[in-house]
Number of protein chains: 6
Amino acid sequence: MTSSTHSTDTGRETGSWFPVRDEANLPSDLRGLFAKARERLGFVPNVFRVYAFRPQRLSAWFAHYRQLHQPSERLSAADREMIAVVVSAANGCLYCLVAHGAALREELGDPILGERLSYDWRRAGVDSRRRAICAYAEKLTLRPREITRADLQTLLDVGLTLEEAWDVAEISAMYNLTNRMAMVTNMLPNPEYSGQARPG
Amino acid sequence: MTSSTHSTDTGRETGSWFPVRDEANLPSDLRGLFAKARERLGFVPNVFRVYAFRPQRLSAWFAHYRQLHQPSERLSAADREMIAVVVSAANGCLYCLVAHGAALREELGDPILGERLSYDWRRAGVDSRRRAICAYAEKLTLRPREITRADLQTLLDVGLTLEEAWDVAEISAMYNLTNRMAMVTNMLPNPEYSGQARPG
Amino acid sequence: MTSSTHSTDTGRETGSWFPVRDEANLPSDLRGLFAKARERLGFVPNVFRVYAFRPQRLSAWFAHYRQLHQPSERLSAADREMIAVVVSAANGCLYCLVAHGAALREELGDPILGERLSYDWRRAGVDSRRRAICAYAEKLTLRPREITRADLQTLLDVGLTLEEAWDVAEISAMYNLTNRMAMVTNMLPNPEYSGQARPG
Amino acid sequence: MTSSTHSTDTGRETGSWFPVRDEANLPSDLRGLFAKARERLGFVPNVFRVYAFRPQRLSAWFAHYRQLHQPSERLSAADREMIAVVVSAANGCLYCLVAHGAALREELGDPILGERLSYDWRRAGVDSRRRAICAYAEKLTLRPREITRADLQTLLDVGLTLEEAWDVAEISAMYNLTNRMAMVTNMLPNPEYSGQARPG
Amino acid sequence: MTSSTHSTDTGRETGSWFPVRDEANLPSDLRGLFAKARERLGFVPNVFRVYAFRPQRLSAWFAHYRQLHQPSERLSAADREMIAVVVSAANGCLYCLVAHGAALREELGDPILGERLSYDWRRAGVDSRRRAICAYAEKLTLRPREITRADLQTLLDVGLTLEEAWDVAEISAMYNLTNRMAMVTNMLPNPEYSGQARPG
Amino acid sequence: MTSSTHSTDTGRETGSWFPVRDEANLPSDLRGLFAKARERLGFVPNVFRVYAFRPQRLSAWFAHYRQLHQPSERLSAADREMIAVVVSAANGCLYCLVAHGAALREELGDPILGERLSYDWRRAGVDSRRRAICAYAEKLTLRPREITRADLQTLLDVGLTLEEAWDVAEISAMYNLTNRMAMVTNMLPNPEYSGQARPG
């Protein structure tokens, strides 16, 4: 499954069941994305390496995805990572739980709460606003057919705007795509995430 | 939930629990998308009207989505609609079953097979290549954590390239996003779909 | 599995994993049933051909079954087909969804609503009386142990008599039998159903 | 819910959430059925009393049902009760587990095996022929959509004829109807069953 | 899997997939336990014989287990057996349903109610205090993550002390251990249980 | 729910829905246990504080529990923590995932592998011996009724003795008890665990 255009070393690191392309051969927008990640994080997240097997798809997915993590007044960056983590827990996605678990600990500025949310949002000790968001994200993940207008109302009732309520839904839907891409390719989280934003 | 920028008439038609924006106020790329749809189909699919509540999101989602329906040598346009329909059946998504059910009947040139696939791919009478594709799409939808390298092999064994196997996965993942957006907004299929590509 | 008394041609058409008997050799009551069907519908439904492997069983099942589709004042023929379709959707029965889906479109005089009900009664747009009926039929199908006296009350509260409430239950129970006979024999719907009662 | 034509005493005994009709007012065929039961068993099974709320339905159901318990060469009366009990255990139906549990102990002539089958056929210690039958009945009850031609073959491989394999399927399907009628009416088993065919 | 220290005869009786040790070679505390059981019941329960493959484990488990069956003012010995039976029914544990089913019939002094509880506590006809206890035990067994403080309140509301509410929880948790030990070893119930505390 | 014998401060820290007893009033064996924990870990695990509401139960449970973590030749301390974590993940138990997640990272001497196992053992990258152990523990947790003699054989085939195979089963069964006690009391993990045995 490998050829001169695929780096097996990188393949082994990423876990991918699909060939992993040499960074040098990627389109320039993706080389730029990789460079920026290296600059900001110190490494290239494996989701980029693995998804780059289909370069245009990675570009399209990422252009959509990154819109969803832009914070708004009542749905912060931490809230958005929380949704990512709750959906990933419901689906059992290793890659996203480790990578977004780290981001959530960072954004919350609370490594203990962030870890708790990755295992069980019900007992993590969040306030009623966040409970409503978590419950909605989990229901849309596990029992989407049963979502009703009343579920939407629970988000408005804790102070979200219609746009923000939509975002809870769209982030949840997006991680149902992303989790499956991670699981179906066997994507492994970069080891760097494990130590990020831990207590003391 | 409505205002001068939201057409309640359109809202009622689409079923949406979110405001539906006036087409006239949408960005030009979306007005172009709507116009093209009207030209090709005779109407604007409700997914466009509903998703346009967040115009940039619709643009980003659609740019990703439409890549996935480009046919390849061994994964035809009909095969790709089949994956959409199998995932939508597993999730129980009304909008996608009606809209992509119509597209599937059309692409297959077989209204009876298309209808059967929308209810039960196991008994629809497809060949072993298509059975492998349907089984993979359904498993990735319902039990993603249990997907293994051996499941990927079943796709390669029926003649798909690695790129096409990836496409089966990515289309399945995409409809797990799309189905949830349709269900969480209460999107209703346009009535026009029901009569398209029926027998006799 | 075939012999001189089994028509393989018919077997192929019906999909049955059991032998399909020659119509000519069936008891006279069944030959009459087939003739009447041909007269009324233009064809013999495959459920008759397949179930006729055990002729007396078909007679007994049908004598019970047809009682349940007799309309009453507040539970019309369309309502009864709706129950059949909701149960068949919960069980995922191809034969019944296609055959009774056609009957439901016909009885409702609304091909779009009928198709919607076959995919998701929750979003199909029916009134509260029909929602109560659909919810009851689905619960009795999927979680019969959890049915309570309060569930029965929901039917009485929307205006059904005790006899009609019983009918909702008995029709649901009957389709739990019928769906399983269709699935366990691999019964395929006659192609004629697909085009019946479609829009314009 | 009761009137002069309904005996509340009987209602309390049977558990039924529907009115229980006076035996004296029932059609003669049902009065005959009740009399024969009293003669053979010493009491009238509550399924008759409860189902008699709709007399013609009881007649039709019973005419079908009793055909299925006729023994054949390789599918004995005990085997047929075993299928009833395995399906009833999968559905969790109190009435049928008690009433057919008693019949199974009797037919097997083995009260210990009969009791074990009512709780867990997998550990009950039956031979491979009976294991195949139990596995098929349970799968058709719980995952009917996944039944394949290969499942049918497992029955033929342990020596059943096609007619007997059909009977395993039809008995299983029938108890999916019967269990639901018992649960939806809240039918309680007659106390007499509990002591029947117990050890020493 | 057997040696001079394992009695195959006993192995066959118990059903165990692990070796069953000779009673003579067990530590004296266990020989005392066996002797006391023989005196009180007339036989040694198979759970003792099977678990004695690891003698110290049996001693430790039993020391914990027997505390939980000590009756308190508002949670009787019968109530405690009822919890054992409800949990065992939710898990489908043959050994515990037969052995504790017998104990429950005995403690209740009502063989019919005891049998009913082993099949379906919802329809068994118990009062609201016992319904609350059964519902709590079943939920903790099947959906432990969803248990809330409000569930605990339902126990206090029917008159249990905090200590007794804890006991409902701890007995339920214990049978989730015990059921699994019985199922994973293939433990069979002693035949003597089947006839105990039956009607008439 | 609190009184002079209950420290509400401790209650708040532990999350418990039950009163938390003053350490000073506990029996001497438990005071010794708490002291030893403080010495070894620097703090008293909340499981001790919460379970001490019923002091004798804690003593009995712990006497059983600690036997199960004694390493043997082919089932190390790390292997035993792995089983604890896999079962806790299947049940979704926050307390055990955090507390035993820390112990697992420590015992493995591999913080990255330990974290991965807490989210998805299938993709964590363990060898076939550990995969067999994890698969067995998960199956016994989620589908205990379906465990067969062949499942036991998979453990023997990767080199475990019968005693060690038993231990995999008994540890799994024990965490099905322990997880439920943690969830039903709302036990929160001590914050100290989160930073233990993390990378660099």
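Quick note: the coordinates plus some simple rules give every number you see, no bench work behind them. Just so it is clear, the structure is predicted and the values come from calculations on it, not from any experiment. Quick reminder, even Gly has a Cβ in these numbers, built from the backbone with ideal geometry, and neighbours come from all protein chains shown.
What's the extension gain from F:Glu13 to F:Arg129 if we count 0.36 nm per residue and subtract their Cα-Cα distance?
This chain segment gains 37.9 nm when fully extended.
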(request) For the range E:141-200 and the range A:64-127, compute the distance between their C-alpha centroids and round to whole Å. (result) 36 Å
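What shape does the range C:22-68 have by the C-alpha gyration tensor, where a ≥ b ≥ c are the square roots of the eigenvalues, rounded means a/c under 1.5, and otherwise prolate means a/b greater than b/c and oblate the rest? Each step should come with its number before you reach the end.
Numbers: a/c = 1.63, a/b = 1.07, b/c = 1.52.
Cα axes put the range C:22-68 in the oblate bin.
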(request) Find the relative contact order for chain E and round it to a whole percent, using C-alpha pairs within less than 8 Å whose residues are 6+ positions apart. (result) 27 percent
(message) Please compare each pair in C:Lys139/D:Lys139; E:Lys139/F:Lys139; B:Lys139/D:Lys139; C:Lys36/D:Lys36; D:Lys36/D:Lys139; A:Lys139/B:Lys139 to a cut-off of 29 Å on the Cα-Cα distance and tell me which ones are over it.
(response) C:Lys36/D:Lys36; D:Lys36/D:Lys139
(request) Calculate the translational D of the range E:22-104 in whole µm² s⁻¹ from Stokes-Einstein, where the hydrodynamic radius comes from the Kirkwood formula applied to all Cα pairs, the temperature is 4 °C and the viscosity 1.567 mPa s. (result) 93 µm²/s
(message) Could you check the spin-label model distance between F:Phe43 and A:Ala24? Points 7 Å from the Cα along Cα→Cβ, value in nm.
(response) 5.0 nm
(request) Can you list the distances in nanometres, one decimal and ascending, from the B:Asp29 label point to the identical position in each other copy, with the point 7 Å along Cα to Cβ? (result) 0.9, 6.8, 7.0, 7.0, 7.3
(request) Counting other Cβ atoms within 10 Å, keep those with at most 11, restrict to DSSP loop, and tell me which GluC sites (Glu not before Pro) in the range C:11-84 are left. (result) C:Glu73
(request) Work out how far the C-alpha atoms of chain C reach from end to end along every principal axis, then list the three figures in whole Å, largest first. (result) 56, 40, 27
(message) If I measure Cβ to Cβ between cysteines in chain E, which ones have no partner under 4.7 Å?
(response) E:Cys134
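Are there chymotrypsin sites (Phe, Trp or Tyr not before Pro) in the range E:46-107 that DSSP marks as loop and that have at most 12 other Cβ atoms within 10 Å, and which are they?
Answer in residue order: no site qualifies.
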(request) In Å and from the alpha-carbon atoms only, list the Rg and Dmax of the range C:89-180. (result) 13.0, 35
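Return the equivalent ellipsoid semi-axes of the protein assembly as shown as a descending list in whole Å, where each equals the square root of 5 times an eigenvalue of the C-alpha gyration tensor. Please list the in-between numbers first.
Values: eigenvalues 401, 401, 164 Å².
Taking √(5λ) for each eigenvalue gives 45, 45, 29 Å, largest first.
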